[in-house]
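Input: a single structure, listed below in structure tokens.
Laboratory data are not the source of any read-out in this text; all were calculated from the coordinates shown. Here the structure is a predicted model, which means the values were calculated and not measured. All Cβ positions, glycine included, derive from the backbone under ideal geometry; neighbour counts span all protein chains shown.
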Amino acid sequence: MDAIITVENLQAFYVLEVMGERKVIKAVNGVDFAVLRDEVYGIAGESGCGKTTLLKAIFAALEPPLRIFEGKVYYYPNGERVDAFSLAGEARRKLRWTYISYIPQGSMSVFNPVKRLRITFLDFLKSHVGGKREEELLTLAREHLVRLGLTPQVLNGYPHQLSGGMRQRVAIALATLLKPRVILADEPTTALDVVAQRAVLQLLRDVQKEFRSTIIVVTHDMGIHAQITDRMAIMYAGRIVEEGLTKDIFARPLHPYTRYLIQSLPKVGDKNTKESAPGSPPSLLYLPPGCSFHPRCSEVMEHCVQEIPPLKKINESHWVACWMREG
Amino acid sequence: MRFVRDYLIPRLVQYVLVIFFGITAVFLIPRFTGQDPVLEIIAQIQTQGGSLDPIAVRKLTETLQELYGLRGTLWEQYVNMWRRVFHLDFGPSLFQFPTPVSELLRIYLPWTIGLFATSTLLAWLLGNVLGGIAGYFSSQSWSKILDAVIMVIRPVPHYIFGVLLLILFAYVWALFPAGGLMLGRRTVVDLRFVMIILRYSFLPALTLVVLGGAGWFQQMKLLVQNVRREDFVQYAQAGGVKERVIISRYVMRNAMLPQITQLALVLGQVFSGVLMVEMVFSYPGMGLLLYRAVTRGDYNLVMGIAILSIFTITTAVLLLDLLYPLLDPRIRHR
């Protein structure tokens, strides 16, 4: 299978000036991975581990204070390799929504509040599809909604008339309107109740099946990863600490942090008390030396404090960054 | 229809009530000040050396009471006032006796509406469009320069800016008259008349447009800088929607909403006029008329202006309320 997005040694930091002092927040600190065609790739981790920053970097949406210090992100439209950060202006605008698109975190306010949804859909369509009349574009939008199992009537409404779950599904419809090859979904189900969550997940799965696109899902919720992702990466303090097939990770978690994440999931019939990782995530401003997880790790060794463990291949598809797995 | 029951009717009721209480207040307030305009006039005549015999005094008192609507009990006066309001008859003006107040309003009003409404609309349009674009591109250097220039202009008082314009364009280069337009009783609207109005209104209008526009500019710039950071704008940018569309349909369209409210309120104040500008350019507007009426104790004229003022402001607010759901659909479904 070929890659559709590759990330190489990415370092994306926020640079802030606080009272004349330069502070660097290392949100994404040396990340490597490749996402393949036609798969659902998950990125998991606690709040503040750099998940959303990683997505922004992949989307090449870099607004100050976020800056790329090192590394590359490559897209593969029409089989050729394109450096995402070197794209500018019109070239980047054209790849958006046709090659790569984005489902925002909490779509409560992503639609223009004073315009009917029809207008918003048309704005997105008109900016990418040339030489078509408004009527044809509108038909396109209606057909797309129907294919996703949504009623085309929503186009006549205003965003505030929709429920949260419905709004999120319409946001997914908008993001997939032009059948992008890659869809980035940032916490697509957060802030929804479980019923709406289920509908949204189902929709994401349907979209993936229908258009054979790649979806990158970022969420802290391990349950969602278990339900929809094929492969996943666990992020901790700006680094990937484990990557592998989702079923392998749940069956045989190798990193102590991954184990904590999985143990925190409720299971039917399980009477044991849940154990969470002790302590709290480190500040990205002052990372602990060596392995960032060592202050919270129950199996910490002397070596962990001194040196950062590299991401090491365990088998064909499973990688982990932990000194315990060394040799 | 739910719209009529839940939205239209409450607002119409409110409209009528505000006018009713407003005009009642205008009726009551002068009567509680303890001043008697009739006695004041008679005292004035007497201090000017006129000797009046008691019969003449009584006759004059009666005539003046009739003119001022001060005859009878408070209730009778109140009912009488409402009858006058419905006939748009506010009695004669005092300092321009015997011209009726309604006649004075008819003469002065078009001048004020012409100057005030035109320049307010123009200032609003210019300020909002420029402020909106400058706010969207606030990191560009031309936007910063424009912002700095306007920051200097805006706090300049109307009378200083007006005098400056007068010196430059009426004295140094005598392009425009330095004011002093006299109003005839009857005006024939023809091309010559329009040209005269334009010549006399240009400098006062320029003052109002520049200073007013600067205010709108600063407000709009701030509004746009906030709206620009809203999720729906950033999402449209992420989605590659063309920038022209984002600026007009996403950013400006949303930032405009509070500005429209303000515009209606400002336009409602047409009756207070723009005193300072009218004084500097000796422009025959409502501000000057009201100022003279107050300083000379022309009660009828003050009453007339106050009542029309209440009427225009409440009407402006009503119109705004009725138009707003078309501009912001969220209002409709509250």
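Listed by chain and number, the aspartates and glutamates whose alpha-carbon sits under 17 Å from that of A:Lys267, ignoring those within fewer than 8 places in the same chain, are A:Asp221, A:Glu275. Its Cα centre serving as origin, segment B:110-285 has a Cβ charge dipole (Lys and Arg +1, Asp and Glu -1) of approximately 220 debye. Note on segment A:90-218: Cα Rg divided by 2.2 N^0.38 Å, N the number of residues, gives 0.98.
Ranked by how many other Cβ atoms sit within 10 Å of their own Cβ, fewest first, the residues A:Glu8, A:Glu299 fall in the order A:Glu299, A:Glu8.
Proximity of backbone amide H atoms, modeled 1.01 Å from N, is registered between A:Gly30 and A:Leu10, A:Gln11, A:Ala12 at under 5 Å, excluding neighbours fewer than 5 places apart on the same chain. Cross-link check: pairs B:Lys221/B:Lys242; A:Lys94/A:Lys126; A:Lys94/A:Lys179; A:Lys23/B:Lys144; A:Lys94/A:Lys209 evaluated at a Cα-Cα cut-off of 18 Å; pairs beyond the cut-off: B:Lys221/B:Lys242; A:Lys23/B:Lys144; A:Lys94/A:Lys209. Under the criterion of Cα pairs below 8 Å and six or more residues apart, the relative contact order for chain B equals 26 percent. Sequence-ordered 3J(HN,Hα) estimates for segment A:276-286 from the Karplus curve with 6.51, -1.76 and 1.60 and θ = phi - 60° stand at 9, 5, x, x, 10, x, x, 6, 6, 7, 10 Hz, glycine and proline given as x. Taken as Cα centroids, segment B:127-144 and segment A:112-160 sit 31 Å apart, rounded to the nearest whole angstrom.
The lysines within cross-link reach of A:Lys312, meaning a Cα-to-Cα straight distance under 27 Å and a gap of 8 or more places when in the same chain, are A:Lys26, A:Lys51, A:Lys56, A:Lys72, A:Lys247. Estimated from helical segments only, the mean residue ellipticity of chain A at 222 nm is -8500 deg cm²/dmol, where each DSSP H run of four or more residues counts as -39500 (n - 2.57). Put a dot 7 Å past the Cα of A:Glu21, heading toward its Cβ, do the same for B:Leu60, and the two dots end up 8.4 nm apart. When chain B is treated as a GNM with alpha-carbon contacts under 10 Å, the residue of B:Asp190, B:Asp298, B:Asp36 showing the greatest mean-square fluctuation is B:Asp190. Segment B:48-107 and segment B:188-211 have Cα centres spaced 35 Å apart.
Only helices enter this figure: runs of n ≥ 4 DSSP H residues, each worth -39500 (n - 2.57), summed and divided by the residues of chain B, yield -22000 deg cm²/dmol at 222 nm to the nearest 500. Note on the protein assembly as shown: Cα-only Rg and Dmax are 36.0, 126 Å.
Among B:Gly287, A:Gly20, A:Gln208, whose Cα projects farthest towards the positive end of the dipole of the protein assembly as shown, with charges put on the beta-carbon of Lys, Arg (+1) and Asp, Glu (-1)? Result: A:Gln208, furthest along the dipole toward the positive end. Against chain A, whose longest principal axis comes from its Cα atoms, helix A:194-211 is set at around 70 degrees. For chain B, taking Cα atoms only, Rg and Dmax work out to 24.9, 89 Å respectively. Got a sec? Which residues in segment A:287-319 would a label at A:Ala34 touch, if it sits 7 Å along Cα→Cβ and we count backbone N under 13 Å? Output list for this probe position: A:317. Each Cα pair under 8 Å and six or more residues apart adds its separation to the average, and for chain A the resulting relative contact order is 20 percent.
In sequence order, segment A:169-175 has phi-based couplings of 5, 5, 5, 5, 4, 5, 5 Hz under the Karplus curve 6.51 cos²θ - 1.76 cosθ + 1.60, θ = phi - 60°, and Gly or Pro positions carry x.
Exposure proxy shown here: for B:Leu323, A:Leu174, the number of other Cβ atoms within 10 Å sets the order, fewest to most, as B:Leu323, A:Leu174. Can you tell which of A:Thr258, A:Thr219, A:Thr139 shows the greatest fluctuation in a Gaussian network model of chain A with Cα springs below 10 Å? Of the options given, A:Thr139 has the highest mean-square fluctuation. Relative to the longest principal Cα axis of chain B, at what angle does helix B:299-327 sit, 0 to 90 degrees, rounded to 10? So the inclination is approximately 30 degrees. Classify segment B:224-308: rounded, prolate or oblate, from the alpha-carbon gyration tensor (a ≥ b ≥ c, eigenvalue square roots; a/c under 1.5 rounded; otherwise prolate if a/b is larger than b/c)? Taking the square roots of the gyration eigenvalues as a ≥ b ≥ c, segment B:224-308 is prolate.
Rg of the Cα atoms in segment B:35-86, relative to 2.2 N^0.38 Å, amounts to 1.31.
Here the scattering of segment B:110-285 is modelled by Debye summation over its C-alpha atoms, one equal scatterer each and no solvent; at q = 0.10, 0.11 Å⁻¹ the log10 of I(q)/I(0) is -0.48, -0.56. Structure remark: mean-square fluctuation, Gaussian network model of chain A, C-alpha springs under 10 Å; the largest value among A:Ser127, A:Ser283, A:Ser47 belongs to A:Ser127. For chain A, the longest principal axis of the Cα atoms and the long axis of helix A:134-147 meet at an angle of about 50 degrees. With only Cα atoms counted, chain A has Rg and Dmax values of 20.7, 68 Å.
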